[in-house]
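Working notes for the structure below.
The values are calculated or read from the model by the stated rules, or taken from the named source; none is laboratory data. Just so it is clear, the model here is predicted, and its values are computed rather than measured. Cβ: placed from backbone, ideal geometry, glycine included. Neighbour counts: every protein chain shown. With ligands, DNA and RNA removed, areas are computed over all heavy atoms of the protein, side chains included. Shrake-Rupley method; radii C 1.70, N 1.55, O 1.52, S 1.80 Å.
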Amino acid sequence: MNTLEILFYALSAFAIVSAVMVLISKNPIHSVLWLILVFFAISGHYILLNAQFLAIVNIIVYAGAIMVLFLFVIMLMNVKKDQEPKKQHLVKFIGVIAGGSFLTLLIALVKQTSQLQGKTVLLKEGTIGLIHPLGKALFSDYVVPFEISSVLFLSAMVGAVIIGKK
Amino acid sequence: MTLLSFDWAFIIEKLIMIAIIVFASLGIALYTTFGERKVAAILQDRPGPSRAGPFGLLQPLADGLKLISKEEIIPSHANKWLFILGPGLAMTASLMTCAVIPWSTAVDVFGRHVELQVADVNIGLLYVFAVVSMGVYGIMIGGWASNNKFSLMSALRAASQAISYELAMGLALIALLMTTGSLSLKTIVEQQVSGNWWNIVYQPLGFLLFFVAALAECNRTPFDLPEAENELNFGYHQEYSSMKLGFYLFAEYINMIMSSAIMASMYFGGYDLPFFNEASVAPNIAALIGVGTLLIKIVLFIFLFMWIRWTIPRFRYDQLMNLGWKTMIPLALFNLLLTGAVILAKL
């Protein structure tokens, strides 16, 4: 095992443990904070894949903006663990079966995909995640969808300002 | 052993640099508190702290000693872990920015070529932006964990203010990025060293927007709404005492130093001393001059921050939001358009 592999397994373990903690935390604020740690672990994976731009955008957008809004809503609603309604055993049972089947399906799918068989992740290779190749690809091969989606975002932002002005 | 086959000298070099930068920032922050009180005193025509040591120079040490020796209080209904995590996060986020600041040109230490920058990543500007957006967590978590209505209100205010001004800050950064064509802070500074003009000449409006947004992100007057004591008693750190309070107050000063360093690097040439040819002296001396130049620029920016604080009164909350959403963002978009038009015309 070289340093990269050790980092890879450490980050994976970190991501999985944090994700499990999101689910089992009783306090919704704690769940949000664990979810932020999951995003950091995923950003670490992006850096291992030599995709620094994706890593930092993942932190800015998800950990920096969306999770702040999550925290905001939970703090304003002041959700506490003792106020959480008790779920019936039947509902829990159905949930376990549905989630379990979905997990089995996903594992079966990944195991059967021939492109993934016998492969390990390519670490520190490829340049598509760096900003120059990514920018070239976005502005040449994918220029129309990219421009349409950026106009959409810009109009959403201008719309927010207009609504605020009323 | 293949497991640990990386360059140990490199690791040690970076660790030493991180230690120097962190402790230097803490030291400068300590004396920035002193500077703030002296500047306030001068602007208000009074002597300021003058008893501890010559000219009151030992005052920050006395303040620090006082903070450490105070009793640590954790409110009984507070969320204990998050209450402790809050100030730590605030401090970490404000110190993390210094990783990408280029302090000077490279130096030779015993024949080893040492860059005076912890990490020259090719996404430097975005890294700064990400760290800025992390900074709000320390305030939010601390304010919420205190289990106090005023703290929570203040934390929510701080968060919404930070989110609103991040947008204008990001748009100002994009305009700068369009002229420089690089996200690496080192490259941006090098362009200004070798080029004729600093970026402030190309991006005056962008700098103004960035500066106002930086004031808001650092929670400095006139944007210190989260600490509006006449409305919120004290703010998000109301329940804090001892060194945890000290961390919050300290983080604000470190934020100020870091944003000054970023503004100096992006718009004012970083370590570039104007009308001086760095190649005419030995590389180590040129690097020293560079560090000194950057520090002087930082001090000037900090003075500007303080000057504004002790001159302008605080905004009302609706004024703050109006300025952010209805003035800064349209201006930033206009700046973006203007920059794009100029670049197109030059092609």
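So how many residues does segment A:13-42 have that are modelled with pLDDT under 90, under 15 Å from the mean Cα position of the chain (by Cα) and not hydrophobic (A, V, I, L, M, F, W, C)?
Matching residues across segment A:13-42 total 1.
Pick from A:LYS92, A:LYS81, A:LYS86: which is more than 30 Å from B:ILE163 (Cα to Cα), open to solvent by 100 Å² or more (accessible area, probe 1.4 Å) and modelled with pLDDT under 80? Walk me through it before giving the result.
Details: A:LYS92 fails: modelled with pLDDT under 80; A:LYS81 fails: more than 30 Å from B:ILE163 (Cα to Cα).
Going through A:LYS92, A:LYS81, A:LYS86 in turn, just one is more than 30 Å from B:ILE163 (Cα to Cα), open to solvent by 100 Å² or more (accessible area, probe 1.4 Å) and modelled with pLDDT under 80: A:LYS86.
Please tell me if A:ILE60 is within 16 Å of B:ILE123 (Cα to Cα), free of Cβ contacts under 8 Å to residues at least 12 places away in the same chain and buried (at least 18 other Cβ atoms within 10 Å of the Cβ).
Numbers: within 16 Å of B:ILE123 (Cα to Cα): yes; free of Cβ contacts under 8 Å to residues at least 12 places away in the same chain: yes; buried (at least 18 other Cβ atoms within 10 Å of the Cβ): yes.
When the stated conditions are applied, A:ILE60 passes them.
Tally up the residues in segment A:1-34 that are of a type outside the set (Asp, Glu), part of a helix (DSSP H, G or I) and open to solvent by less than 80 Å² (accessible area, probe 1.4 Å), please. Step through it out loud before you land on a result.
Looking only at segment A:1-34, we keep the residues that are of a type outside the set (Asp, Glu), and these are A:1-4, A:6-34.
With the extra rule that they be part of a helix (DSSP H, G or I), the set shrinks to A:3-4, A:6-24, A:28-34.
Checking the rest, the ones that are also open to solvent by less than 80 Å² (accessible area, probe 1.4 Å) come to A:3-4, A:6, A:8, A:10-13, A:15, A:18-22, A:28-34.
Selection size over segment A:1-34: 21.
Select from segment B:195-221 the residues that are crowded, with 17+ Cβ neighbours inside 10 Å and β-branched (Val, Ile, Thr) and list them in ascending order.
B:VAL212, B:THR221, listed by residue number.
Out of the residues in segment B:259-280 meeting the condition of being open to solvent by less than 10 Å² (accessible area, probe 1.4 Å) and modelled with pLDDT under 85, tell me which one is nearest to B:THR97 (Cα to Cα). Quick ask: steps written out before the conclusion?
Applying the first criterion (open to solvent by less than 10 Å² (accessible area, probe 1.4 Å)) to segment B:259-280 yields B:260-267, B:269-271.
Those still in the list that are modelled with pLDDT under 85 too: B:269-271.
Working: B:GLY269: 18, B:GLY270: 15, B:TYR271: 17 Å.
Only one residue fits best here, namely B:GLY270.
Quick one: B:ILE312 ticks every box in (1) under 20 Å from the mean Cα position of the chain (by Cα); (2) surrounded by fewer than 14 Cβ atoms within 10 Å (Cβ to Cβ) bar one, so which box is it?
Of everything listed in (1) under 20 Å from the mean Cα position of the chain (by Cα); (2) surrounded by fewer than 14 Cβ atoms within 10 Å (Cβ to Cβ), B:ILE312 misses just condition (1).
Can you name the residue in segment B:100-113 that is free of Cβ contacts under 8 Å to residues at least 60 places away in the same chain and not in a strand (DSSP E or B) and, of all such residues, is least open to solvent (accessible area, probe 1.4 Å)?
Looking at the filtered set, the residue picked out is B:GLY111.
Quickly run through segment B:309-322 and pick out the residues that are closer than 30 Å to A:VAL158 by Cβ, touching a residue at least 24 places away in the same chain (Cβ under 8 Å) and in a helix (DSSP H, G or I). Don't jump to the end; show me each part of the working.
As a first pass, look at segment B:309-322 and keep what is closer than 30 Å to A:VAL158 by Cβ: B:312, B:314-322.
From the residues that got through so far, the ones that are touching a residue at least 24 places away in the same chain (Cβ under 8 Å) too are B:312, B:314-315, B:317, B:320-321.
Passing the criteria: B:TYR317, B:LEU320, B:MET321.
Looking at B:ILE296, B:ILE302, can you tell me which residue is assigned to a helix (DSSP H, G or I), more than 14 Å from chain A (Cβ to nearest Cβ), open to solvent by less than 80 Å² (accessible area, probe 1.4 Å) and closer than 26 Å to B:ILE254 by Cβ? If you could, list the steps in order and put the result at the bottom.
Details: B:ILE296 fails: open to solvent by less than 80 Å² (accessible area, probe 1.4 Å).
Result: B:ILE302 is the single residue among B:ILE296, B:ILE302 that is assigned to a helix (DSSP H, G or I), more than 14 Å from chain A (Cβ to nearest Cβ), open to solvent by less than 80 Å² (accessible area, probe 1.4 Å) and closer than 26 Å to B:ILE254 by Cβ.
Among the residues of segment A:132-147, which ones are in a helix (DSSP H, G or I), free of Cβ contacts under 8 Å to residues at least 12 places away in the same chain and surrounded by 10 or more Cβ atoms within 10 Å (Cβ to Cβ)?
Filtering segment A:132-147 down to residues in a helix (DSSP H, G or I) leaves A:132-140, A:143-147.
When the remaining residues are screened for being free of Cβ contacts under 8 Å to residues at least 12 places away in the same chain, the result is A:132-133, A:135-140, A:143-147.
Scanning segment A:132-147 gives A:HIS132, A:PRO133, A:GLY135, A:LYS136, A:ALA137, A:LEU138, A:PHE139, A:VAL143, A:PRO145, A:PHE146, A:GLU147.
Looking at segment B:317-328, is at least one residue farther than 15 Å from B:TRP103 by Cβ and surrounded by 23 or more Cβ atoms within 10 Å (Cβ to Cβ)? Give the steps one after another, and end with the answer.
Let us first name the residues in segment B:317-328 that are farther than 15 Å from B:TRP103 by Cβ, namely B:317-328.
Next, from what is left, pick out any that are surrounded by 23 or more Cβ atoms within 10 Å (Cβ to Cβ): B:324, B:328.
So far as segment B:317-328 goes, yes, one or more of its residues are farther than 15 Å from B:TRP103 by Cβ and surrounded by 23 or more Cβ atoms within 10 Å (Cβ to Cβ).
Out of all the residues in segment B:125-140, which are facing chain A (nearest Cβ under 10 Å) and either among the small types (Gly, Ala, Ser) or more than 20 Å from the chain's Cα centre (by Cα) (or both)?
Passing the criteria: B:ALA130, B:SER133, B:GLY135.
Output yes when any residue across segment B:151-160 is surrounded by 18 or more Cβ atoms within 10 Å (Cβ to Cβ) and within 19 Å of B:LEU126 (Cα to Cα), and no when none is.
So far as segment B:151-160 goes, no, none of its residues is surrounded by 18 or more Cβ atoms within 10 Å (Cβ to Cβ) and within 19 Å of B:LEU126 (Cα to Cα).
Kindly indicate whether any position in segment B:186-194 is open to solvent by 20 Å² or more (accessible area, probe 1.4 Å) and within 14 Å of another protein chain (Cβ to nearest Cβ). Step through it out loud before you land on a result.
Keep residues of segment B:186-194 that are open to solvent by 20 Å² or more (accessible area, probe 1.4 Å), which gives B:186-187, B:190-191, B:193-194.
If we keep only those that are within 14 Å of another protein chain (Cβ to nearest Cβ) too, we end up with B:187.
Within segment B:186-194, one or more residues are open to solvent by 20 Å² or more (accessible area, probe 1.4 Å) and within 14 Å of another protein chain (Cβ to nearest Cβ).
Yes/no per residue for (1) surrounded by fewer than 18 Cβ atoms within 10 Å (Cβ to Cβ); (2) under 20 Å from B:LYS186 (Cα atoms):
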| position | (1), (2) |
| --- | --- |
| B:VAL22 | yes, yes |
| B:TYR31 | yes, no |
| B:ASP63 | no, no |
| B:PRO75 | yes, no |
| B:ILE84 | yes, no |
| B:GLY88 | yes, no |
| B:MET91 | no, no |
| B:THR97 | no, yes |
| B:GLY124 | no, yes |
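Residues of segment B:247-258 being in contact with a Cys (Cβ under 6 Å, 6 or more places away or on another chain) and open to solvent by 20 Å² or more (accessible area, probe 1.4 Å), which ones?
Result: B:ASN255, single match.
Every residue in segment A:35-57 that is facing another protein chain (nearest Cβ under 10 Å) and either within 24 Å of B:ARG157 (Cα to Cα) or open to solvent by less than 30 Å² (accessible area, probe 1.4 Å) (or both), please.
Matches in segment A:35-57: A:ILE36, A:SER43, A:ALA55, A:ILE56.
Name the one entry in B:ILE68, B:ILE42 that is touching a residue at least 12 places away in the same chain (Cβ under 8 Å), touching a Gly at 6+ places or on another chain (Cβ under 8 Å), more than 13 Å from every other protein chain (Cβ to nearest Cβ) and assigned to a helix (DSSP H, G or I).
After applying the criteria, what remains is B:ILE68.
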